[in-house]
Structures are given as C-alpha cells and as structure tokens.
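Data first, discussion second: the structure below is written as structure tokens.
The values are calculated or read from the model by the stated rules, or taken from the named source; none is laboratory data. The structure presented is a predicted model; accordingly, all values stated were derived computationally and were not measured. Glycine also receives a Cβ, built like all others from the backbone with ideal geometry; neighbour counts cover every protein chain displayed.
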Amino acid sequence: MLFAMNYMGYTEQIIPSILQSLTASGVKLLVLTARGGGTTSATENQLSHLKLNNINPNSPEFLAFISENALLGKKSRSSSIASPFKAKNCLANKRSISYQQGVMYVAGQNKGEMLKCLLKQTKSSRIRNIVFIDDTKHNVIDVNNAFAKDRRYNVTGIHYTALKDHKEALTIGNNSATYQFNAHQRWEAIKATLEQQLQTPAAID
C-alpha cells in the first residue's frame, strides 16, 4: 500500500542520460528488485511516473525505456514472461518470481541465483559482461558468488553507497529513535483511517 501511495525519484539526476548512452551501444537493462510479484502494479506505477527528462513533461516514461532495452523471453519474445513462475534448474528458487517489462521481482531471494535463473529464461546467449549495482552489500556479494565459477561471464559488482547515511538515519543514526517514533505514529494514523473507512482492510491484518 505504501509503495502504491508514494512515487520514487532518481538517486542521481544523471542516471537517465547515462543509461541512454549505454543502451545506444547495445547494452541491455534489468531492474532486479527484492520486491515480490504482488507489488508489480505499484512498482510499474512508480517507474512510469519517472521521466527520462523531468524538465520535459512529454519525455518518455522510465518504465517504457527499461522495457524497450530489456532481455527478451525465449518464448514470449517480449520483456515479460508469464508470471509468477519458478525458474527451471534453480535450486535456490523456493518462492515464485516474476519478470515484467524488464523488471524482475525476486521476492527477497538471492539476487545472484535469481539473475542466473533469468538468464536461462531469456535471450541472453550473446551477453558476456554483467555490471551489477546495488545499495546493499550482501546483494553484491551474492551476485559475485553466484557467477564466481561461471567462465561465460565477466561480472563487476558495485556497492552503491550514496544512500548510506540516509538509510542508516532510521536505524542507527543519532536521531533514529525519533525517526522511528514518528514513522510509527504516521502508520498508526493511516491504520486508524483504514479501520474507519474500509470494512475489511487487509493492510492491517
């Protein structure tokens, strides 16, 4: 519900132009998120709200840009695969995953193993180099470990730390207790409104 209520912003405004330059040379894009398939609509809404050029309201949507430059399914021949599904020959895949419009929803599972699963399901035979960027270090480690013995790929894992202080402010920062209290109070206000307005609000179960 909170995903559906909030939009995202670029962590750095130069990101769209960098990705446009890369895709012009044939680079494929993939958004690999820990979210589950149940957040597909909210996530697509967030990515569609972003524009390649925020100054120009008629600029293409970021989601469409991702989809146009994403890996294609072997059978679907599109940047989506009938979802949810469990990738074949993937022992780590205990929960169903989804791949829609160039976005892979791994439901909290190992991103390295999930990426290997997706490569099996898509037209990726010409891919030799993978650059993986994540703001959580263990995800970078998981991807590096998953491909460590696979000579077909050259993998570069990058731990993105620009949001480190922002993320830690809620948990270990000097004002973390205040931020957590305020966040809890805001949720209680939302919860009370749901209880008043909806007969059976699933979000508060």
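Data overview
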| read-out | value |
| --- | --- |
| Odd one out for residue 78 among (1) within 25 Å of residue 167 (Cβ to Cβ); (2) without any contact (Cβ under 8 Å) to a residue 12 or more places away in the chain; (3) hydroxyl-bearing (Ser, Thr, Tyr) | (1) |
| Pick from the range 97-108, criterion of a type outside the set (A, V, I, L, M) and surrounded by 15 or more Cβ atoms within 10 Å (Cβ to Cβ), ranking: farthest from residue 19 (Cα to Cα) | 98 |
| Which listed residue, of 94, 116, 111, is crowded, with 19+ Cβ neighbours inside 10 Å, free of Cβ contacts under 8 Å to residues at least 60 places away in the same chain and among the charged types (D, E, K, R) | 116 |
| Failed item, numbered, when residue 122 is tested on (1) in the same structural domain as residue 79 (by TED's automatic domain parsing); (2) surrounded by fewer than 11 Cβ atoms within 10 Å (Cβ to Cβ) | (2) |
| Leading residue by the ranking (nearest to the chain's Cα centre (by Cα)) among those in the range 49-89 that are surrounded by 14 or more Cβ atoms within 10 Å (Cβ to Cβ) and assigned to a strand (DSSP E or B) | 70 |
| Residue list for the range 20-32, filter: surrounded by fewer than 15 Cβ atoms within 10 Å (Cβ to Cβ) and either in contact (Cβ under 8 Å) with a residue 40 or more places away in the chain or within 8 Å of the chain's Cα centre (by Cα) (or both) | 20, 27 |
| Of all residues making up the range 67-98, the number that are modelled with pLDDT of 95 or more, within 22 Å of residue 153 (Cα to Cα) and not small (Gly, Ala, Ser) | 3 |
| Members of the range 3-18 found to be under 16 Å from residue 162 (Cβ atoms) and part of a loop (DSSP other than H, G, I, E, B), listed by number | 8, 9, 10, 11, 12, 13, 14 |
| Meets criteria (of a type in the set (Phe, Trp, Tyr) and surrounded by fewer than 19 Cβ atoms within 10 Å (Cβ to Cβ)) for residue 153 | yes |
| Test: residue in the range 131-145 that is surrounded by 11 or more Cβ atoms within 10 Å (Cβ to Cβ), touching a helix residue (DSSP H, G or I) at 6+ places or on another chain (Cβ under 6 Å) and among the aromatic types (Phe, Trp, Tyr) | yes |
| Any chance residue 46 is part of a helix (DSSP H, G or I), among the polar types (S, T, N, Q), surrounded by 13 or more Cβ atoms within 10 Å (Cβ to Cβ) and under 13 Å from the mean Cα position of the chain (by Cα) | yes |
